[in-house]
Amino acid sequence: MHQQSSCGGGRCHSHQPHCSKQAAPAVGIVTHLQPLPAADTCCSHRRDKTADEEDERTVRGFRYSWLLTGMDCPSCAGKIETAVSQLARVSRAKVIFASEKLVVDADSDVRAEVEQAVMRAGFQLRPQGAAAPARPQTGQEYRSLILLAVLMAASWLMSHFWPAAGSLAFSVTTLYGVWPIARSALRLIRGGTLFSIELLMSIAAVGALFIGATSEAAMVLLLFMLGEKLESFAASRARKGVTALMALKPDEAVRVRDGQRSQVQASELRPGDIIEVSAGGRLPADARLVSDFASFDESAMTGESLPAERQQGEVVAAGCLSVDRLVQLEVVSLPGASAIDRILQLIEEAEERKAPVERFLDRFSRIYTPAVMLVALLVALIPPLLLAAPWQPWIYKALTLLLIGCPCALVISIPAAVTSGLAAAARRGALIKGGAALESLGKVRTITFDKTGTLTAGKPQITQLIPLDGQQEDQLLAEAAAAEQGSSHPLAQGIVTAASDRQLLLPPASAQRVLPGSGIEAEVSGRLLTVRTPGKIQHLLSASQQATVEQLENAGNTVVVMHSAQQLLGIIALRDTLRPEARAAIADLQALNIHSVMLTGDNPRAAAAIAAELGIDYRASLMPQDKVSAVNALNQQQPVAMVGDGINDAPAMKAATIGIAMGSGSDVALETADAALTHNRLSGLVSMIRLARATQANIYQNVSVALGLKAIFLVTSLLGITGLWLAVLADSGATALVTANALRLLRRQ
């Protein structure tokens, strides 16, 4: 077993929470040993590491990962984590339920101990290189349940014709049904889970046998096993979106080298490789289109049903399908770092970012079951001992309380809703980083937007060039483009594009330096040139030049000026256009009672023109720290979301209740954000908020159903109105109800 580089191989194994290089596992990835690097080695650069560099790196520990088999619900994940965490050399164990993955951090090789601990808890790990186990046939999968149902029916018929034999038959049926459950409870106790549903069921069933309630004991077990199967089915439905996403990338690709085509594993592809994808084939990696043009079905990534037309040079995400022709593309992503891998990574990270209400219920459920067991014990002992009440009825009520105390419906109520909500959002091209972000998004009442690249298309075009001091238009544009070359700012790219369109030869430039919130400076042809906003150099502008600037800004232009020291060289006006969907998105947000505010570093007149078109408030001429102050001020009034795409937006996104990045934004913005719109359309923001609110409502409904039914049956059981089988039916029914309710989110339009 070999060690892998954390960056060069596309996987990040440090404990950094937002490492864009970490890959989610594809189907079939199992146990592997990898060193955990020091924090500053992960994703700090883009180049591959050599083996020698890998050996020299400081190693803090080892990370192992397996794929799990046999999990039915999120509570199973907790049982596995508890069992593995008991091991002395394990520092951290985490089960990602959505992708059925176990990740273990340890200071030495603990593979054998982990595998034994998981097996003792009643689950299985897939060994390295093994294929996924074949799904059992329906008859085999439900054999125990069917046999128990047959024994129940036979016992019931026998009790009608021969009551004594019927009672014995029910006892045998109970013992057959309770044996695997009791064995599982013992395994869980050895693994560190003292209070489990299996333990409650075992105590209730055996206790019912002792007091002669044989038929009810057997019925309890039948209903419990039926509930377990329903829960397993619901969990597989909830994971379906994740497994479908994992299956989008083909395992093999056609690589073209020197005109020769060869079939290779997708994991062998590296940036710069040329691949060929036939019509109807999917991309194995993010790639830049080499062919002139092609249509791609991107619905799996963006939710957009119509094929997207892509031109030569455009990047297409892994998993997208070539609709109508054979195409050649140049790979741009490392193995494990494609768009699909990043989505899967976010889904895995999301399970660690639980909503506050979910964290509360996790803590509550830890004391809930022991507390109910204590109450049940008191109910069984106090009336007979202190009030001389008969033992059998109160023991029966105590056993019923044990079943009511099962926390399954309560524990699954929130994770089921959150998982469904996150999967539904990802299917529509919106990535939300966890339950906490989903809950925050549902509470948002104000949204602040960056202007350029967010509300506008981010592709400003030059509308006017005004050379000064003897400059020529082409000279002004060429020198400005030379200074701006390499900048990611939309205005800079607009200037560089204009120079390219005119086929101008750019003079040499060096020592480029960004002036945050102001502009850029560089040495061009031996002199220091600065391109910046007019507001920073008003002392250099004459009255007529100031009037010209104001006239251009009043027309909705963004104006920059170029100068050398105290010498003004020219004025450049650029204008951006609104995104096509911006007006409709703002109107939909207003219908949701959400207030929209534009925060921009642009001049007030250009900002006012854009804001007037959208009908929203605005703050202009803002430095990055000013955006943070504006967001903080709004945040004191009500929850605020910040939507942006640039490095300058990252501080404000962090200051907001929730930060949302446009999919085309900078890496820093995407890393900082709590959510991202992969399809880069503002209409997705409206869908995201509606889904977040629906998920929030779904959570409240689920918790109300889970607790409400328990409260009702607690009272009716103490009053002697309901018995054991109704108690377990209520719990299994509540589990099925909350899961089915959560799955409605997956079908939400």
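The values are calculated or read from the model by the stated rules, or taken from the named source; none is laboratory data. Every value quoted in this text rests on a predicted model; they were computed, and no experiment measured them. Note that we place each Cβ from the backbone using ideal geometry, even for glycine, and neighbour counts take in every protein chain shown. For the accessible areas, the whole protein counts, side chains as well, though only heavy atoms, and no ligand, DNA or RNA atoms are used. Shrake-Rupley method; radii C 1.70, N 1.55, O 1.52, S 1.80 Å.
Of the residues making up the range 671-683, one or more are assigned to a helix (DSSP H, G or I), modelled with pLDDT under 80 and under 17 Å from the mean Cα position of the chain (by Cα). Among the residues of this structure, Thr400 counts as one that is of a type in the set (S, T, N, Q), surrounded by 13 or more Cβ atoms within 10 Å (Cβ to Cβ), closer than 17 Å to Gly723 by Cβ and in contact with a Leu (Cβ under 9 Å, 6 or more places away or on another chain). For the range 69-88, check the following and say yes or no: at least one residue is open to solvent by less than 30 Å² (accessible area, probe 1.4 Å), farther than 14 Å from Gly191 by Cβ, modelled with pLDDT under 80 and in contact with a strand residue (DSSP E or B) (Cβ under 9 Å, 6 or more places away or on another chain). Yes - at least one qualifying residue is present in the range 69-88.
Only a single item in (1) in a helix (DSSP H, G or I); (2) under 36 Å from the mean Cα position of the chain (by Cα); (3) loosely packed, with under 15 Cβ neighbours inside 10 Å; (4) not basic (Lys, Arg) is not met by Asn593, and it is number (1).
Scanning for something of a type in the set (Ser, Thr, Tyr) and without any contact (Cβ under 8 Å) to a residue 24 or more places away in the chain, does the range 275-295 turn up at least one residue?
Residues of the range 275-295 of a type in the set (Ser, Thr, Tyr): 278, 291, 295.
Applying the additional criterion that residues be without any contact (Cβ under 8 Å) to a residue 24 or more places away in the chain yields none.
No, the conditions are met nowhere in the range 275-295.
Considering the range 263-295, the residues that are within 14 Å of Arg325 (Cβ to Cβ) and among the hydroxyl-bearing types (Ser, Thr, Tyr) include one that is modelled with the lowest pLDDT, namely Ser295.
Just one residue in the set Asp501, Asp474, Asp469 is in contact (Cβ under 8 Å) with a residue 40 or more places away in the chain and acidic (Asp, Glu); that residue is Asp469. Gln625 - would you say it is over 22 Å from Leu677 (Cβ atoms), outside any helix (DSSP H, G or I) and polar (S, T, N, Q)? No.
Looking only at residues in the range 596-622 that are outside any loop (DSSP other than H, G, I, E, B) and in contact with an Asp or Glu (Cβ under 6 Å, 6 or more places away or on another chain), which one is modelled with the highest pLDDT? Only one residue fits best here, namely Val597.
State whether the residues of the range 626-646 include one that is under 26 Å from Arg428 (Cα atoms) and at pLDDT below 80. So far as the range 626-646 goes, yes, one or more of its residues are under 26 Å from Arg428 (Cα atoms) and at pLDDT below 80.
If you filter the range 527-580 down to residues that are free of Cβ contacts under 8 Å to residues at least 60 places away in the same chain, open to solvent by 50 Å² or more (accessible area, probe 1.4 Å) and part of a strand (DSSP E or B), you find that the one that is nearest to Met623 (Cα to Cα) is Arg532. Whenever a residue of the range 628-644 is within 14 Å of Lys443 (Cα to Cα), its partners that are open to solvent by less than 50 Å² (accessible area, probe 1.4 Å) and among the basic types (Lys, Arg), lying with C-beta atoms within less than 9 angstrom and at least six residues away or across chains, give the pairs Met642/Lys627. Each residue in the range 458-483 was checked for being buried (at least 18 other Cβ atoms within 10 Å of the Cβ) and at pLDDT below 90, and 2 of them qualify. Residues that are in contact with a helix residue (DSSP H, G or I) (Cβ under 7 Å, 6 or more places away or on another chain) and either open to solvent by 30 Å² or more (accessible area, probe 1.4 Å) or hydroxyl-bearing (Ser, Thr, Tyr) (or both) within the range 708-719 comprise Leu709, Phe713, Leu714, Ser717, Leu718, listed in sequence order. Restricted to helices (runs of 4 or more DSSP H) entirely inside the range 372-476, no element has at least 3 residues that are charged (D, E, K, R). Every condition in (1) surrounded by fewer than 24 Cβ atoms within 10 Å (Cβ to Cβ); (2) modelled with pLDDT of 75 or more; (3) touching a Phe, Trp or Tyr at 6+ places or on another chain (Cβ under 7 Å) is met by Leu223 except one, and the failing one is (2).
Output the residues belonging to the range 296-313 that are assigned to a loop (DSSP other than H, G, I, E, B) and either among the aliphatic types (A, V, I, L, M) or at pLDDT 85 or above (or both). Can you show your working first?
Narrowing the range 296-313 to residues assigned to a loop (DSSP other than H, G, I, E, B): 298, 303-307, 312-313.
Residues satisfying the conditions are Leu306, Gln312, Gly313.
Residues of the range 175-216 that are aromatic (Phe, Trp, Tyr) and surrounded by fewer than 16 Cβ atoms within 10 Å (Cβ to Cβ): Tyr176, Trp179, Phe210.
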